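I have placed the structure first, in the form of structure tokens, so that the comments after it can refer back to it.
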Amino acid sequence: MPNDISALDSDELSKLFTKLTAWSNYVSGQLSAAQIDEKTIEKKKDFLEAKLFLHKDTSKVKGERVTLIKAQVMADEQYMELEEELLKAYAYRKMVEVVYNNFERDVSLVSREITRRTNDLRMNRKDKWSA
């Protein structure tokens, strides 16, 4: 983005709007893919957690035993790997989300400038016809 978009001529402004919109669309797709990846890993982790709970809970005694089983599940190597993979997917999704939001703000800014110029042109035309 240029420091002062009002300094751009109409052609440059239109090209900038087109380019920003295209990038925003692309990043929107990447954000959706990142959200799907994150959800998929979360489901794998939940499934593994349930499976490990069933495997480790062989007694009918509850209370402290449940706390011990939870600790054993969380200490499981596969579970920890999925937990780390989920954290990475979450971090990636958040970064893509920031990029997407930045593009959306830039597109809105350029759109407002286009609207402002269009309104200025209309006002100037009205002034000419009424004089």
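The values are calculated or read from the model by the stated rules, or taken from the named source; none is laboratory data. Bear in mind the structure is a predicted one, so any value in this text is a computation, not a measurement. Virtual Cβ from ideal backbone geometry, glycine too; neighbours counted across all protein chains shown. Just so you know, the surface numbers come from the protein's heavy atoms only, side chains and all, with ligands and any DNA or RNA stripped out. Shrake-Rupley method; radii C 1.70, N 1.55, O 1.52, S 1.80 Å.
Points to keep in mind about this one:
- Arg105 loosely packed, with under 15 Cβ neighbours inside 10 Å and over 22 Å from the mean Cα position of the chain (by Cα): no
- Residue match in the range 34-50 (condition: assigned to a helix (DSSP H, G or I) and either under 30 Å from Arg116 (Cβ atoms) or in contact (Cβ under 8 Å) with a residue 60 or more places away in the chain (or both)): yes
- Hits in the range 70-82 (condition: more than 11 Å from Asp46 (Cβ to Cβ) and assigned to a helix (DSSP H, G or I)): Lys70, Ala71, Gln72, Val73, Met74, Ala75, Glu77, Gln78, Met80, Glu81
- Scanning the range 95-127 for residues that are aliphatic (A, V, I, L, M), under 18 Å from Gln35 (Cα atoms) and out of contact with any helix residue (DSSP H, G or I) (no Cβ under 9 Å at 6 or more places or on another chain) yields a single hit, Val98.
- The range 1-59: number of residues that are of a type outside the set (S, T, N, Q), open to solvent by less than 60 Å² (accessible area, probe 1.4 Å) and closer than 30 Å to Glu77 by Cβ: 12
- Of the residues Tyr79, Tyr100, the single one that is over 30 Å from Leu20 (Cβ atoms) and open to solvent by less than 80 Å² (accessible area, probe 1.4 Å) is Tyr79.
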